[in-house]
Every structure is written in C-alpha cells, then in structure tokens.
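Peer 1: Just passing along the structure, written as structure tokens.
Nothing in this text is a laboratory measurement; each read-out follows from the coordinates by a stated rule. All of these numbers come straight from a predicted model, not from anything done at the bench. Using ideal geometry, Cβ is built from the backbone for each residue, glycine included, and neighbour counts are taken over all protein chains shown.
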Amino acid sequence: SIKACLFDLDGVLVDTAVYHYQAWRRLANTIGFDFTEEQNEQLKGVSRVESLNKILAWGGVEKTDSEKDELATLKNSWYVDMITKMTPDEVLPGTVDFLTAIQKAGYKSALGSASKNSGIILERTKLAHFFDEIVDGNMVTKSKPDPEVFLKGAELLGFQPNECVVFEDAVAGVEAAKRGGMKAIGIGEKSVLTQADLVVSGLDKLTIEDLEKL
Ligand code: B16
Ligand code: MG
C-alpha cells in the first residue's frame, strides 16, 4: 500500500508554467521567432537545457554551447525576477488542504521537481515545511522521463518505489513515475496523461481515500 507521496512542483502545487512560458517566449522573440502554447506543453517537466534545445530547434536556430549557456542564463534571470515576486496566493487550489491531510494521515512526502529554482518557489509560497525531503534539479543528472528524481525521493524517505505515489502534470513526469515502479496520479487531462493510474484536474479533487484505493 501507499506510504509516501512524491510531488512535482510546477503545475501540481503552483502554476509557474506561465512564468516559464513568458520567459522562454521573450527569449525566442529576442532571437527573432515565436512558439505556441501548444509547443509550450512539451516543455513541462523538461530541464532548462533540454527546453532551450527544443525551442532553438522550433526556431530553426543553431547556437554554440557557450551561446546556449548565455541564453539559458538570460531566460533564468527573467524567470527568477518573476518567481521572487510570488506569494502564497499562487498556490494551486486544494494544495494546502491536501498536504495537511496527508501529513495528518501519516504519509511522508517529498518534492520531486526538475527545477533548479524550487527553493525560491517553496520559500515564497510558504510550502517548504510540508516536505520531509526535497529533490530538485540541483540534485539529479538525468531529467524526466528518467525516474532518477523520484527514485531519489523514495530512497531518501526510506520507501520502496511501489509504496510511493507521484503527483505529476507532465507527460514526461508520469512516464518517469511509471518507469520507476511507482503509482502516478496525473494532474490535468486524462487524454494527455494516458499512463497515469488516476487523473484529476487538481489536488482539490483528491482525498485520502483515493490514495488508499490505488
Ligand atoms: P528551472 P517541475 C520543471 O519543473 C518545469 O516543469 C519545466 O518547465 C522547467 O524547464 C524545469 O522545471 C526546469 O526549471 O529552469 O527552474 O531549473 O514541473 O519538474 O517541477
Ligand atoms: Mg510539472
């Protein structure tokens, strides 16, 4: 049965995807092209460097590694400007109630995010205290759909993968959970998150009983 919960950050607990989108678009526009909201879906859960590679490919632009470093740093500076202004109001509906409920019910929880900025976001939104362990983009070498980020979370919490459930909004993240041998609750659309064991529109739609039934 499920003993631990592993949470993705962006798109599950907070909606930072809009800030990523704005900053990446600004970068693309600076180089001289644009991309759509639909293309932006493919960036969810994907690391910073891999996101940049995808965007440059959409624009048909080639850059050297050092130019890419500069571009990624520029995008991140715009993104950080936005997230440092975040407030607890930006926590997605139901998040605080659900995190409180699982804590009371005795489940352990960890963050499993691809972001290198998770520290600022958790601090600004006052969510940090809910997590027993935090695994983010600073601690992993392989990005989702590789299961590394979630396997590390399970290990730090001291549970086997099959005792863990992952909450994910990204296709790559759900795939990572399944490849790691965990249950996955998709946050979003059933037609998109096809590999998930259960899909809901947000944490506000989940109860402890849903975890017991997995
Ligand atoms: P950063 P998650 C991911 O966070 C985002 O979904 C993805 O769009 C972003 O590129 C990635 O973090 C890296 O973020 O540039 O802040 O290191 O969904 O895994 O919490
Ligand atoms: Mg996400």
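Peer 1: Starting from the Cα-Cα distance between residue 85 and residue 15, subtract it from 0.36 nm times their residue separation and give me the gain in nm to one decimal. Don't skip to the end; give the middle numbers.
Peer 2: Values: separation 70, 0.36 × 70 = 25.20 nm, distance 1.34 nm.
23.9 nm is the gain from fully extending residue 85 to residue 15.
Peer 1: May I pose another question? Summing -39500 (n - 2.57) over the DSSP H runs of n ≥ 4 in the chain and dividing by its residue number, what mean residue ellipticity at 222 nm do you reach, to the nearest 500 deg cm²/dmol? Walk me through the numbers on the way to the answer.
Peer 2: On the way: 9 runs with 93 residues, N = 214.
Rounded to the nearest 500, it is -13000 deg cm²/dmol.
Peer 1: If you don't mind, another one. At 7 Å along Cα-to-Cβ for each site, give me the label-to-label distance between residue 1 and residue 49 in nm.
Peer 2: The two pseudo-label positions are separated by 4.3 nm.
Peer 1: What distance in nm separates the two pseudo spin-label positions at residue 100 and residue 194, each 7 Å out from Cα along the beta-carbon direction?
Peer 2: Computed distance between label sites residue 100 and residue 194 equals 3.9 nm.
Peer 1: I would also like to ask the following. Relative to the longest principal axis of the chain, what angle (0 to 90°, nearest 10) does the C-alpha long axis of helix 65-83 take?
Peer 2: Value to nearest ten degrees: 60.
Peer 1: Still on this structure: List the lysines whose Cα sits under 23 Å from the Cα of residue 54, skipping any in the same chain fewer than 8 residues away.
Peer 2: Of all the lysines, those that pass the test against residue 54 - Cα under 23 Å, at least 8 places apart if same chain - are 44, 63, 68, 75, 116, 142, 144.
Peer 1: Could you tell me which of 105, 29, 208 has its Cα farthest along the dipole of the chain towards the positive end, charges placed at Cβ (Lys, Arg +1; Asp, Glu -1), taken about the Cα centre?
Peer 2: 105
Peer 1: Ranking request for peptides 193-205, 67-79: highest mean number of other beta-carbon atoms within 10 Å first, then the rest in descending order.
Peer 2: On the way: 193-205: 17.1, 67-79: 15.1.
Ranking, from highest mean packing down: 193-205, 67-79.
Peer 1: Dipole of the chain, Cα-centred, from +1 at each Lys and Arg C-beta and -1 at each Asp and Glu C-beta, to the nearest 20 debye?
Peer 2: Details: 24 positive and 34 negative charges, 41 e Å.
Roughly 200 debye, rounded to the nearest 20.
Peer 1: Any chance you could list the semi-axes, whole Å, largest first, of the equivalent ellipsoid that the Cα gyration tensor gives for the chain, using √(5λ)? Display every interim value, and only then the final one.
Peer 2: On the way: eigenvalues 175, 61, 50 Å².
Equivalent-ellipsoid dimensions as semi-axes: 30, 17, 16 Å.
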